[in-house]
Each structure stands twice: as structure tokens, then as C-alpha cells.
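Structure first, then comments.
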Amino acid sequence: MNQLRGIKKKETLNFVIQFLAFIALLSQFSCTYNTSKEKNKPIILASKGKIDSLDPAQASKLLAIQLISALGDTLYRINSDGSLEPRLAKEKPQVSKDGLTILIPLREDVLFHDNTPFNAKAMAFSIERFINIGTLNYIINDRIKSIETPEEFLLKIKLEKPSSSINGLLTSINLTPVSPIYYSQYKGKFINETLIGTGPYKLINYSPERQSLVPFDNYWDEKPANSGINYISFNTSASLFNAIKTSQVDILLSNSIEDGHRLSLHRSSQKGDLIEAEGPAMQIGYIAFNTKAKTLKPTIIRQALLHSFDRELISEQVSYGLREPLRALIPPIIQVNNVPQWPKYDPKTAKKFFKEAGLCNNNKLTLILTFRSNVPADKLLALTWKEQVKRDLSDCLEIALNGVESTTVYKQLSDGIYEAVILGWTGDYPDPYAYLSPLLDCKEIVIDLCKEGEAVFGGTFWANKDIQKSLEKSESLLGNKRLEELRKIETIAADGASLLPIWILKPRVWVQKDISQPEFDGSGRLRLDMIRKKHE
């Protein structure tokens, strides 16, 4: 009997041991399954704003450019230290002695997302397509005479004239190559909802509010550190703020988020609740004055307005100091000198100029200031300047506000209907020329008015023949001589007072604590391929 009990006890003990072992194995499997499941989850990236087009020839908005940089490669990339890194190019450009011919050897191991090969003909096809239909094709500005493909992996670009900024141009996202096979039917028109590029990710789902990217298996370089990116658009700054605070999203880009929320997230990162990273400051804010408008035609009035603007106060009131005051058209990171060209706030000088123009006392100037109603900082800026003017110059100047949605503003700029308008600009590549030329270039000048050129599209209509000569001359110069010519351009532009630089804005990103430290490239774009979840 005792022996029987011993056997049963032993059997029971074995059963318990086996059961516990099974539970442990099940638990281990469950952990492995959950970890694997978690590991395969894509990174959720959020920002405000829809992406209407992923066509490199059409894209101009920062969000679209950000995603295109993940779906495609460029010939070169600007690194965070400002150096030129060959990407689809095998080495740096070879420029002839006369500066008119550029040879670019290309990589021979690159495939498009449709698995067709990348070569010189594909690159030439993409550049020519951009020249023919590109929204921003003015950045080529008749600089390229011809594109030849003498060998399968050798691109030959002939220029109309030497161009010292051509290296920067070759990093432009707008020159991202696309598959000639797929895009053969889109030579003369855009395709918005896809991009067949060569980048580390390929697109598997598109709508203006949501895009899904997965790693491209046949990518020529290092594979992405994550299993994919899901981009989600939110309608308001408040919904974005709540999404990152409640961990609904992994990453929040700072584009268009209100400065109050920006400050709160900055403070959260200082407490260790979030991780914050910032890229190089490439986006400038400025006010464009319509020099065709009767009230702003006299240069002295525009110069008075330049002296009436308190950048430090406005930066602090609007952005809590997160937007740094700027007295130049060129971002500090690529500035040609450290001496600001635009005048600083000086109400006494402003009043003096207004009086010389026959204003003040019973003859007050009313300036209609248009702001983009869907850009939160614009309205706060406009309100703050209005109150500051009321405090300092109420007997000479009054500011009336006019809110207009940004898409409408851009469509109507060249019509000359806005007296003064708040705008922003990010150069298409990190070079001073990419900031000065789009804001000041003019092809047809009558006295000091631009009849045809970028100054018309920018809504200032102001032109100066010496600026045009210096823009052209700077393209044939290198080193200090080029910098001196660029400095001259800013000095003349500051005297012309058709533009009022306001501030510079650094791109910021906030991520959850389980995400790796984000990194930006030298053009201010987030390196999506380097982001990973820390447990992976």
C-alpha cells in the first residue's frame, strides 16, 4: 500500500514538473512571439498636413520632400558636417577646366523598386523630365545645355555657363531618379500617388493622409534599421500633441505645430519623458513687400518698415525663443559672413524715415499685412507686430490684418494683390544661391520693377540690375571671391527693402523613449532609415 502511494506521489510530482516545464515553454514561446510581433511593427510617424504628391518633379512641400528622401536617392547627399557624399554617383563630380562640362560616374549595382536597373539613361531621363515639367524647374534656370550618356554608367552634363552652385543642385530631391520604364507614360505629366525610385523604402500604400513604406529588399546600400514607416497626417496641432504625449505615435515632426505645443514638448524632453532632436536651421521666415503697391512704392517707406520690426520681442512672444531672429536671407549654417545685412529694430530711425516720406501725425500709413491662416505662428507674429507698432509708432503706422489660407496666398502672389505677406522659404539645396536667386532673380527689369522672373512669383516685383550681374558673376567664382559677390547681393537687397527677414527655424522631432536618437542630414531631413526601436 505504501509502495503504491509512493508510485502515485512520484507520478504526481513528475506531472507537476512536466506541467511547469510546459508553462515555462509556453511563456517563452509567447514572449518570443510577442517580441517578434512587436519587432515587425512599423514606426508610426506623424505630422500636420497632407501629402498631395510624391512625384519628385512636382514636390515642393517639406513633408513630401521628407518622404521622397526615403523612397529615392539623389546623386549626392549633404552630410551633417556639410560635406558632399556620393550616393548614386560613384565619386565626386569631375568638372572641366572651363567649368562647362561635368562628368559623373554612376554606381553599377542599383535597382529601381520595379527591379529595373539604374543607369546613366535613367538619370538623364529623370533630369530632363524635371526640366520639362518640374514645378520648381527654375532651379535649373537654363544652366544645363545638354545631358549625354557616353557610357552606360557615365553621365555627362554640359552647362550653358560655369556654375559654382551646381554641386548643391545635384543634391536636390527634385532630381531624384525615377524608373524610365514605369514613368515612360508620365514624361509630360505628374503622377501623385506613387514613387518608383531607388531608395531604402518602397511605397505600398498611399492616400494624402496616410502612407505606408516598407524596406526595399534589393536596396544597394545598408538596409533600414526598422521594419517600415507609417506616416499619418493629423488635422490640428492639438491632436498631434496629444498623439505623441499618449504614445499613439512613435515620432512627431515639428512642421506646423503650434509654438506653445513645441515649447511643452521641448520641456518634456528636458524632463526625460521624450527624446528631442533638431536638425540644421534651413527654413527662413520673412515678409514680402509689394513694391508695385502705391503705399509701398517709395523705398524710404519700406526702409522705415524694416526699422520698425522688433525681431527679439516677436521671437520671444511668438515662439518663446525657439525661432531665432534673423537679419539675413541666408541661414547661418551656410551664411557667407557673420555680419547681419538687414537693419535692426530702431523706432527712432523708423519714425525719421516715415516723416521724410511725408507721414506721421495726421497722415498715418495703414499697412495691410496678410498672414497664412493655416500657419499658427503667422497669426501670432502678425498680432504681435501690430501691437508693437501701436506701442512704438502709433502716430505714423497702423497695421491691418488679413488672414488667407496658404494655398490661396501662393496662387495669388504673382497677381500683386497683397501689400505685405508673411512667407517662409527653404532652399532646394544648401547653398546661398538657392536662397538668393529664388527671392531676387529677375529676367526682365524696367527701372526697379521686375516684369518677369522669381521676384514676380515671390510677390515683391522688385529688381536691381546690379543684383542680377552679381548673381550671374557669383556662379563663375569660387572661394572668397564668390563669398564677396554674395555679400554684395545681400547688401543691395537690404537697401532695396523689398524683403524683411524675420527668423530662422530648426526642424525638430520628438520620439518616444523606446526609439533611438534621431539624426538629420545636412539638408535638414530626418534620416528615417536610421531610426529603430531600442529592443530590436
The number of residues in region 334-364 that are in contact with a Ser or Thr (Cβ under 6 Å, 6 or more places away or on another chain) and modelled with pLDDT of 95 or more is 1
If we take region 294-379, then helices (runs of 4 or more DSSP H) inside it with 3 or more residues that are within 26 Å of the chain's Cα centre (by Cα) and closer than 25 Å to ILE504 by Cβ are 311-319
If you check LEU253, LEU274, LEU240, LEU263, which single one turns out to be within 17 Å of ILE531 (Cβ to Cβ), at pLDDT below 95 and either surrounded by fewer than 16 Cβ atoms within 10 Å (Cβ to Cβ) or among the hydrophobic types (A, V, I, L, M, F, W, C) (or both)?
LEU253
Residues that are touching a His at 6+ places or on another chain (Cβ under 7 Å) and of a type in the set (Asp, Glu): does region 263-285 have at least one?
yes
Here are some residues: LEU240, LEU213. Which one is in contact (Cβ under 8 Å) with a residue 40 or more places away in the chain and part of a helix (DSSP H, G or I)?
LEU240
Considering only residues that are assigned to a loop (DSSP other than H, G, I, E, B) and either buried (at least 19 other Cβ atoms within 10 Å of the Cβ) or of a type in the set (A, V, I, L, M, F, W, C) (or both), which ones fall in region 451-476?
GLY453, GLY458, GLY459, THR460, PHE461, ALA463, ASN464, GLU475
Determine if region 477-487 includes at least one residue that is touching a Ser or Thr at 6+ places or on another chain (Cβ under 7 Å) and part of a loop (DSSP other than H, G, I, E, B).
yes
Which condition does ASP142 not pass, out of (1) assigned to a strand (DSSP E or B); (2) out of contact with any Ser or Thr (no Cβ under 9 Å at 6 or more places or on another chain), if it passes all the others?
(1)
Run LYS61 past the list (1) within 21 Å of the chain's Cα centre (by Cα); (2) at pLDDT 95 or above; (3) of a type in the set (D, E, K, R) and report the number of the one that doesn't hold.
(2)
So, first residue within 15 Å of PRO177 (Cα to Cα) in region 131-157, second residue assigned to a loop (DSSP other than H, G, I, E, B) and of a type in the set (A, V, I, L, M), Cβ within less than 7 Å, six or more apart or across chains; the pairs are ILE131/ILE140; ILE133/ALA57; GLY134/ALA57
Whether any residue in region 165-180 is of a type in the set (S, T, N, Q) and over 30 Å from GLU475 (Cα atoms) is what I want to check.
yes
Residue check for PRO177: touching a Gly at 6+ places or on another chain (Cβ under 8 Å) and either more than 22 Å from GLU485 (Cβ to Cβ) or free of Cβ contacts under 8 Å to residues at least 24 places away in the same chain (or both)
yes
Would you check which residues across region 39-93 are over 20 Å from ALA281 (Cβ atoms), touching a strand residue (DSSP E or B) at 6+ places or on another chain (Cβ under 7 Å) and hydroxyl-bearing (Ser, Thr, Tyr) and list them?
TYR76
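The values are calculated or read from the model by the stated rules, or taken from the named source; none is laboratory data. Given the structure is predicted, the values throughout are model-derived calculations rather than measurements. Ideal geometry is used to build each Cβ from the backbone, glycine not excepted, and the neighbour counts take in all protein chains shown.
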